[in-house]
Amino acid sequence: MAVTLTPPVLGAVVQPRPAPDVVRPRPAPDVVQPRPAPGAAGRRDRFVDGVRALATLGIVAVHWLMPEATWDGQTLGIGNALGHGSAWTITWVLQVLPLLFFAAGASAAYQHTRLPGIGWGRVLGARLRCVARPVGAFAVAWAAAVGALLVSGVPDGAVWRLATMAPQLLWFLGVWVVLVALTPALLRAWRRWRWGALGVAVAAPLLVDLLRFGAGIDALGWANVILVWAVPFLAGAAYADAGTGRARRTAPAPARRLALGATAVLAFAALCALVVLGPYPPSLIGMPGDAISNLAPPTAPVVAQSVMQVAVVLLAREAITRWATGRGRRVVDTLARRAMTVYLWHLTAMFAVVAGVMLGLHERLPEPWSTDWWSTRPVWFGAFALALWGLVRVFGRFESRRGRSLRA
């Protein structure tokens, strides 16, 4: 009988076996299979998931701090609690739209790299179909709510005031669609010019502001609706492209940490200088009475804030990744599945609670920044969260499951 000996595996005993026609080699026991890079097929980038979750929570929090309303039975008066005193400082921390665009850019870049053989138009179409269902459900529900409120006798002015506020969040989706469509071009620019591409992205909205305020071309400012948000979006795409297909370092090199820290400090200094020396208000969101809004359209201070926030989260990448895979895993996973629903409905949840207190219980809202206001924040936030939980339970089913595989 012929005997073939196969290479032994550590700890195994070689036994004689009938010779096959072909000797099948076994992989050497000491070969280490390469670990897939974050964002590779079948592997999510938990840092990007964590940034997306933190950004979503920050946006919800800053909006839930805003309610300031009065009701005399006929007229609904709406202000903004963040427009009092030094409350604008909160917007420098919780206005985290740049991080949402950073995560969106990273997600789009990962998908572009994973699906090289599929036309980007097909990918964009699939993404649009994924968001169409939750947005459609939101629109239909609000149309029905407006009709019900009008029939029930709520004054027309109050109903239409709310009906025009709720859809304002949809602007984000319009900008997102444009930037996702531009992802292949943005990646080509990054791969060809690297930091030069990011430099041009930062300079473009600054030039627009210079022409807007220096030459008085106000209409040109609306170009910044795309140009400003392209800055964090491109930064996210560059982050994803730099690590796709190869292992990342476990920690940034000291020089890289120093560069990120210096970038954050310089961007913060630029933000302060723009607010102090320029025509810009200190709040990074629009406030009643301000001659200029830093968000409609976005301005140079938002560019500086975007650079600062991106540098900070990249410095904190390890900590964010640990949180997203550890204590924050449940929150991150939930928001990965329901971020669109939470984003669409968190203002509606707030409106429902405030209306219930003012119209149902005939209670006034606490004076912003008073002792009562601060002491009741946990109660109000709890009520908002409970209402949002109910809305997510009802409308979360419209957030397409197919869309999950398209994210980073």
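What the table shows:
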| item | result |
| --- | --- |
| Pairwise FRET efficiency - His362 versus Trp389, Cβ, R0 = 22 Å, nearest 0.05 | 0.30 |
| Residues His346, His362, His112, sorted so that the one with the fewest Cβ neighbours within 10 Å comes first | His362, His112, His346 |
| Full-stretch length increase - Val265, Ser375 - with 0.36 nm per residue and alpha-carbon distance subtracted | 36.2 nm |
| Inter-centroid distance (Cα atoms) of the range 296-310 relative to the range 194-248, Å | 10 |
| Distance from the range 327-406 to the range 86-145 (C-alpha centre basis), Å | 19 |
| Separation in nanometres of the label points that stand 7 Å from Cα toward Cβ, at Asp333 and Ala296 | 3.9 |
| For the range 51-397, diffusion coefficient by Stokes-Einstein and Kirkwood Rh (Cα), 37 °C, 0.692 mPa s, µm²/s | 151 |
| Arg188-Leu277 FRET efficiency (beta carbon distance; Förster radius 51 Å; 0.05 resolution) | 0.90 |
| Spin-label pair Ser152/Ile217, simplified geometry with 7 Å Cα→Cβ offset, distance in nm | 5.0 |
| Estimated FRET transfer efficiency when R0 is 45 angstrom, pair Leu210-Leu124 (beta carbons, to 0.05) | 0.85 |
| Kirkwood Rh in Å, taken over all unlike Cα pairs in the range 285-329 | 12.7 |
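Here, each number is a calculation from the coordinates, and none is a lab measurement. Nothing here was measured: the structure is a model prediction, and the numbers come from that model. Backbone-built Cβ (ideal geometry, glycine too); neighbour counts: all protein chains shown.
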